[in-house]
Every structure is written in C-alpha cells, then in structure tokens.
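We did not get these values from a lab; they are worked out from the coordinates using the rules stated. Nothing here was measured: the structure is a model prediction, and the numbers come from that model. Cβ atoms come from the backbone with ideal geometry, glycine included; neighbour counts cover every protein chain shown.
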Amino acid sequence: MKSIETHTSGFQRFLAVCALLAVFAAPSQGAMGYGAGGIPGLILTSDLLANFSDFSSAYLNPALLTGIDQGEFNAGINTWGKGSGTVWSPKYLTVSLPLDLDHTVALSFMQVGLSGIQRTDNKGIAISGQYTDYSEIALQASYAYRLLPMLSVGANATMIRPTSTEVGAFGFTTDLGIRFHPIDDYLLGKFSLGLNLQNIYFIEALPDTLSGEFNKYPLNIHMQVHWYNEYYRPFFERFEVSFNCAVMDLITEAQNFGDPASTERISNAADAQAALRAKQEQVKNISFVYGVHAKWFPFKFFGIGSGIKTNGVIPIGISFNWKRINFIKRFQLDYDFGYATENEQPNDSKFSHVVRLGFRFGKTREEAVSERWYRQLMREPQNDFNEAMRLYLAKKYWLASFAFGKVIAKWPSFSKVDVATFYMGKSYEYLHMYDVAREIYSTGLKKYTTSDFRPKFIFQIQNLDYKTMDFENALKNYGFIMNLYKDSDIAPDADYVAGQIYYDKKDHQDAINVLATIDQTNENYLYAQYTLAMIEVHRKNLNGALEYLNNIISVDSLKTISEKSLRELAFVKMGHIFFEQGNLKNAYGCYSRVSNSSRFYDEALLGLAWTNVKGGVPEAYTKAIQTADNLISARPQSSLVAEAYLLMGYGFTLLEQYDKAVPVYKKCIEICDAKYLSRDEFQARESQHSGAMNQYNDFQKKALNIALRKPTPALVAQKDAMTPEWQKFDEEIRNFDVFQIDAQKQFSFKRSSIQLKNQAEYALATALHLQETQKKRAIMRDTQDKTKQIDKEMEDLQKQLKEMEE
C-alpha cells in the first residue's frame, strides 16, 4: 500500500506549482469571443516544441510521464516570423512530479497564436499603429500511471481560453494516452510505442456568440515510436531515434492560425476574423503531421540532432546539459534551427527557431521510495515496538505479549525484532507461561544467529530450568554461557542463578566459587552476598556471615524496592547473629534499623523484644512487653504473634506481675492449639491448581499462535475473547501463590508451635506456681501481721490489768 503521507506531501508541492502557473495563465481579457480550438491543433499533435524523447511532454502523450524519474521543469518557445511583422510563436512551460514508483502528475501552460496583426476598421481598412493578437492559452493537468512494468496509461484535462474578445469562449477537453515499452535492456536499448487520443471529450463553457453553435475540438490520434540507448563511450555516449505523427479529423486544423503554412494569407484583423469564421463552414477532412528525429551525444554534456517535420521543415539542433548545479540535479538547454524546404512557403516563413530549457530537481523515484520505505521499516516498527515496551514496563504482560508478537510478525526485518522476541519471552515468564516462553527463546536462538541477544536467550532458558527445578539442564545451559559468552554482560546473571542452584543442592563450596566472582558493580552483587552469608551461617562461621551482610548494608544507593527489602533483611539477620553471640547492643541497633513498612518488621520487633527480655532490668522488661504488644497490634496475622505473647508473658513474669502473665501464656497456648492447614488440605488445593495449569498449558499455546500472526480484525476478536479466560487463570495463579506463602508460614509455625507451646505451658505453670506462692506469702504475711497485732493488744491489755491491780 502506498504511503498517504508521501502522496500528500507530493500533491502539496504540486498544488503550489499549480498556483504559480495559474498566475502566468490568467488572461488579461475578460470577454468571451469566437474561436475553434487552436491549441488542440498542431502544437498538441506534433513536435513543434518537443519530441517523444521528452518524457515531460504530456501534451504529446500523458502516458510519457511515467518516464520521469525526478521532478522536472521544462519551458520552450518556437518563433516563426513574417516580413509584415506578424509573428507565430507557440510557447509552453510544464512542471512534472513523480509520486512513488508508478504515479506521475504534471501541470502545463501553453499558448499558441499570432501577434503583431494590424487592426482594421469596420470597412476593413488598416489602422495605422494599432496591432492585436489572436491566440489561445491552455492550462493542462496530467496524470500517468505505470499499470504494468511494460505498460503505462495517462490522461490530460485541458482548459482552453482565447485571449481575444472576438474568437470564442472557455473550453475544456480531455485526452487519454497509452505507452508500451517492451524493451529495456542495456544492450538492446529502450524501445517505446505510444498512442494518444486527444479531445475524446470536450465541453464549451459558453456557446459561440455569433452562430449560436458550440466550438468543435477535433478528435486527434497521436502515435509515437522511440528508441534510445546509452553506451557511455567517448564520442558515443548516447544515441536516440524517434518518430511521431498525428492524424486529425478536421481539415480546419490544418488551415487555422496555428498552421504556419496558412498564415501568409492573414495580414490584418479582418483577414484573421474571416479565416476563423470560415473554419466552421469547411468540410471535415483528414490532415496529417509528422516528425522524424535523431540525436547523437558524443559527450555527456553535448549533443546534436536533426530530422524532418511537417511542411518539409528540417531542424538542426544542439543540446547542452550540466549535472549537479547546486540543488538542480541536471540542467539542459536545446536550440533547433528549422528550415522549410517546400517551395510554397514564402522566404520569410522558411526559418524557425526553437529554444528549450529544462532542469531536474528533487529526489529520484528510487530515492524517495527508499527513504519512505526506510521510514516505514524504522518508524512504524519502532512505534509498534515502543508501544509494546510501554505495556511491558507498565507490567501489562498479557497485552505486551501480543504487542511484541505484532512486531515479530509484521516487521520480520526490523532491526529490533530479536529484542522484541526476548521481551515477548519475558512477558510470558511473568505470566507463568513457561512452556511458550521457552519456545520463544529457543526460536530466537535458531532465527537470530548473529544477534547480541543470543546469550540472553540461553540465560533465560537456564533461568526457566531453575524455576521449574530442572537443575541439571540449568547447569548445562550455564556451561554453554561460560564457554561461549563468558565475557558477555549476562554472565554474572548466569553465575548468580548457578550459585543459587548449588546452594539449593547444598554444594556450598561450588556456590561460593561461583557467587564470589560477581563484581560489586553488578546488579546481582547484593543478592549474591546474602546467599554467601547464609552459606557461612550453615557452616557456623558467624563472623564470615556478618562480613557478607555488612557488604549489603554498606551500600548507600539502592536502586530498587527489592534491594531495599534485602537490606532490611540483612539487618534482621545481623541482629540474630549478634543476639546469638550475646552482643545485645549491636543486635538492638540492627533490629532498630528496620522500618515499620518493611515486610520483615514483625521479625525485627520480635528480635527487639528478646533483646529487652535479656536486658536484666525492670525498664527493659517493660519495654519488651511494649514491643511485643506493638508486634501483635501492627501485624496481627503474623506467624510470630504466638511468640510475641510468650515474650510478653516473660516480661510480666520477670516483673512478678503473674496475674498479667497467666492470661498471656494461655493466649500463646491457644494460638498454638488452633487448627491450621493440614497436609491433605494442601495436597487437595495443589491438585486443583495442577488441573488448572494443565488447561493453562493448552491456553498458552493458543495465545502464542495468535500473537505470532499479523493482527487482523478476526485475530483481535479472538484475543479479546481470550482475555476473560486469561484473567481467570491469572487470578488462580495469584491466589495459589498467596496460598503457598500462607501454607509455608503455617507449616513452619506448626513445626515450631510444639516447642513454643511447651515453653508457654512451662512458663504458665511457673507463673501459676509463683502466683500461688505469692498468694500464700501474702496470707502468711497477713497472718503474721494479725498475730503481731493480737500480741500487741494482749500486751496492752495485760498492762492495763496490772495497772488496775496496783
């Protein structure tokens, strides 16, 4: 399909030229007169001003325009003078513009007639010093189309206006032309045949003011034959031969003022008017005009030519052309001197002079089309690619997968098609469509053998193997990357995934060997340091673990939320290690660095509570109780709530507030005894999810098949119909992910709840015992106080009795 943008810009330039030519074409006379259509006569049917080798000469045959390769401007004038001062001088100028490879438009302005005719009065007596002109002007719009590689068609629409008030009215005619060029060979040359039907349809704007009849424009047939070849040799650069002829159905056209053979009978205005009126009364006959030309270019810049034309006129011409003059691609100047050999011609009408000039401008067809195709191959694919990336970065992976598929299917030669393939696979990964993601990456490896994304394709396959727990194939792909693309920017990513695999397999030394090579500037560095720290924890090397964790918290600029979360996790783990080492101060400092928005905040609060419990002073016990209460209120769904209640009980117990400690311990035991997810329930939910994923496998293959086809309304409708179904699968995947996380927390808590319950029960028993002992002590203290008071009262009574006895 042709570019609308290109056509529009081409027509804008063309309309601008039309406006310019319309200024030149505007006649000075405003009244309509009498005329018989001089322009469709000799100037449009013969080679008075141009020949068949001039492809811009649309008035000879509009189909010629397909031979134009660049924008062209051409102008010419033919002067044939008489001794009486009357001059016959047809003129024309034309602008032609190619549009794409097959379309061409042109606009031409022409004028033909006599000038310097002496005016006469009503009696036919010449008026001294007064002269007039009898001519017609034409504005012609032309269009040509290359229908087949060897066949072109074209059409002209011509508006004709007489310049005199006595010779007629506005007229409108149309032409149809065809050009057949069967031979285009560097050895045989270029051979063309042309046929043009002129005035096949005409309209007169106003009727003849004298006779009441319409002006008649003759139906003319114009035929052409042309051959030329370029040899690019000294003294034989180019050679061409052409023949053109016209058959006209009105004899009047051979006798009008456009025919130099008849102008010797016109010496004043009265003769001209009489000749023009006589044309309608003449009987139709056939007239014939012709021209044979040959031109030889011994050099690129110079050529000579000759031939023979109607009325025995023999032209002798020279041509000069210059290439690359500033913005003008080629400039050519032709001059022909013509001599009429027929004896019927008067001596002062035997000579003619033709001057033509033309130049080319703008881009060639191939340059313009190549530039447009380049824009299409870059701009439109780039727009589609940018839209796909916008969806990808917005995390709309379902829509992004189809958008990247559109780029791959519609623009297979696009320079970023391998990048689109990569991100299409990534989109499927985020959609948990691992099978089609693997297929996309594998296809990318096969198709784009020179792509810079080949190591990334292999890495993504390695990563998929890791996600699906296929560690053996993941390590094989890791080996491919290390052997083939060790210096690529994807190598550290492959190192990290391999390190995680070794860690999961408990091959700690291999994990260390791989992860330790990841440079600090790489985005995987922080995650690698955390895995190394966990390896040291497993190896009981707590100082080594602290060193790796310190590398994480020492980084000032963290780019992603994930990195910030990892840093907070590192603070928690460091707090645990310091607590285990008995360094309560550093442990407290690490736990305090975790923000309340962190997903590890509950674990940090629990660590703070334990640190305060170990403080050994009442103020620390009080703070431990407050911290535990903060955890319970801030994260009520946390699996650490039960342990927070236990710690709160410890605080109350250490403060000897047993009445507060007992219900707290009971709450801890209640949480531990609550009903949690069983293994059978988990397996049932897992089986349900597995069934849904089996259906999802078929669904993702269907989605891939649609995504990798050029988008059509039918395919878009299918994609829209699949979207609700995908949303159900996506909801199932997200719900199951949440279920798995919650199940793992429950299973983890269930494993620790036994010990936690035992500790709570023991602490509860201790608190109850202490509470009972505390009560007994209180009773004993109360009894002792009462006994002492009784004893004192007895002593006082005895004193009183003794005093009374005395």
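Descriptive notes on the structure:
- Cα-Cα over 26 Å, subset of LYS456/LYS540; LYS456/LYS573; LYS467/LYS505; LYS505/LYS728; LYS395/LYS456: LYS456/LYS540; LYS456/LYS573; LYS505/LYS728
- Counting 0.36 nm for each residue step from GLU803 to ASP69 and taking away their Cα separation leaves a gain of 249.2 nm.
- Segment 375-447 shape via C-alpha gyration tensor axes, a/c threshold 1.5: oblate
- Sequence-distant contacts, meaning Cα pairs under 8 Å at least 6 residues apart, place the relative contact order of segment 617-790 at 29 percent.
- Estimated from the Cβ-Cβ distance and a Förster radius of 45 angstrom, the FRET efficiency linking ALA516 and GLU656 is about 0.30.
- The label-point distance for ASP184 and ASP435, in a model that sets each label 7 Å from Cα toward Cβ, rounds to 5.2 nm.
- Length-normalised contact order of segment 375-447 in % [C-alpha pairs under 8 Å, at least 6 apart]: 27 percent
- Isotropically averaged projected area of segment 476-599, using the convex hull of Cα atoms (one quarter of hull area), nm²: 8.1 nm²
- Segment 513-566 versus segment 617-649: alpha-carbon centroid distance in Å: 30 Å
- Where a label projected 7 Å from the Cα of ILE328 along Cα→Cβ would reach, residues of segment 352-368 with amide N under 11 Å: 357-361
- Alpha carbon centroid spacing (whole Å) that separates segment 657-673 from segment 407-465: 57 Å
- Prolate/oblate/rounded label for segment 617-790 (Cα gyration tensor, a/c 1.5): prolate
- Between THR443 and GLN509, the simple spin-label model (points 7 angstrom out along Cα→Cβ) gives 4.5 nm.
- Taking HIS432, HIS353 and counting other C-beta atoms within 10 Å, the order from fewest to most: HIS353, HIS432
- Using the Cβ-Cβ distance between PHE747 and GLU580 with R0 set to 25 Å, the FRET efficiency works out to roughly 0.55.
- Fewest neighbouring Cβ atoms within 10 Å first, the residues VAL407, VAL514, VAL153 line up as VAL153, VAL514, VAL407.
- With 0.36 nm allotted per residue and the present C-alpha distance subtracted, the LYS410-ARG379 stretch has 9.8 nm of extension available.
- If the segment from SER678 to GLU563 were pulled out straight at 0.36 nm per residue, it would be longer than the present Cα-Cα gap by 38.0 nm.
- Modelled FRET efficiency - R0 56 Å, ILE200 with ASP452, Cβ distances, 0.05 increments: 0.35
- Cβ crowding within 10 Å ranks ARG375, ARG146, ARG679 as ARG679, ARG375, ARG146, fewest other Cβ atoms first.
- The GluC sites (Glu not before Pro) of segment 485-583 include none that meets both conditions, a loop assignment by DSSP and at most 12 other Cβ atoms within 10 Å of the site Cβ.
- Between PHE320 and GLN755, the distance separating the two model label sites (each 7 Å from Cα on the Cα→Cβ line) works out to 10.6 nm.
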